[in-house]
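The values are calculated or read from the model by the stated rules, or taken from the named source; none is laboratory data. The structure displayed is predicted, hence computed values, not measured ones. All Cβ positions, glycine included, derive from the backbone under ideal geometry; neighbour counts span all protein chains shown.
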């Protein structure tokens, strides 16, 4: 049942994303700020800060700290017109890239990314402040 809900949400967001304008980089940078919980694992949280800092939490414990940026290129790949990557970096030469599907588009409270390596769709829900 849980996977059916995820699939339906993905289809809905895919259809509505195609019907709307692309989000600008400035809008993405504004909308990403705050705390997001992973839809399929509520104990997994991401906290994005204005200074480019990203904290990952699992079940209330800080699991990693890194830097992030919203960019047109990541790991040698360039995004298509209107699309952006979420690029995460740590000091140990770790770089992770994900395609940004949308971030809180039209105030819907969802942040959807797709991993560049496996094409996995990951949905996060905005936590109330």
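Answer yes or no: is there a residue in the stretch 99-110 that is part of a helix (DSSP H, G or I), surrounded by fewer than 15 Cβ atoms within 10 Å (Cβ to Cβ) and at pLDDT 95 or above. Before the answer, list the steps.
To start, the set of residues in the stretch 99-110 that are part of a helix (DSSP H, G or I) comprises 105-107.
Checking which are surrounded by fewer than 15 Cβ atoms within 10 Å (Cβ to Cβ) leaves us with 106-107.
Of the ones still in play, those that are also at pLDDT 95 or above are none.
No: the stretch 99-110 contains no residue that is part of a helix (DSSP H, G or I), surrounded by fewer than 15 Cβ atoms within 10 Å (Cβ to Cβ) and at pLDDT 95 or above.
Report, ordered by the first and then the second residue, all pairs with beta carbons closer than 8 Å, sequence separation of six or more or different chains, a first member in the stretch 31-55 that is on the phi > 0 side of the Ramachandran plot and in contact (Cβ under 8 Å) with a residue 40 or more places away in the chain, and a second member that is crowded, with 16+ Cβ neighbours inside 10 Å and assigned to a strand (DSSP E or B).
34/47; 34/48; 34/126
If you check 28, 54, 46, which single one turns out to be in a helix (DSSP H, G or I) and either buried (at least 16 other Cβ atoms within 10 Å of the Cβ) or at pLDDT below 95 (or both)?
When all the criteria are applied, what remains is 28.
Quick one: in the stretch 74-95, of everything that is in contact with a strand residue (DSSP E or B) (Cβ under 9 Å, 6 or more places away or on another chain) and in a loop (DSSP other than H, G, I, E, B), which residue is modelled with the highest pLDDT?
Checking each candidate, the answer is 83.
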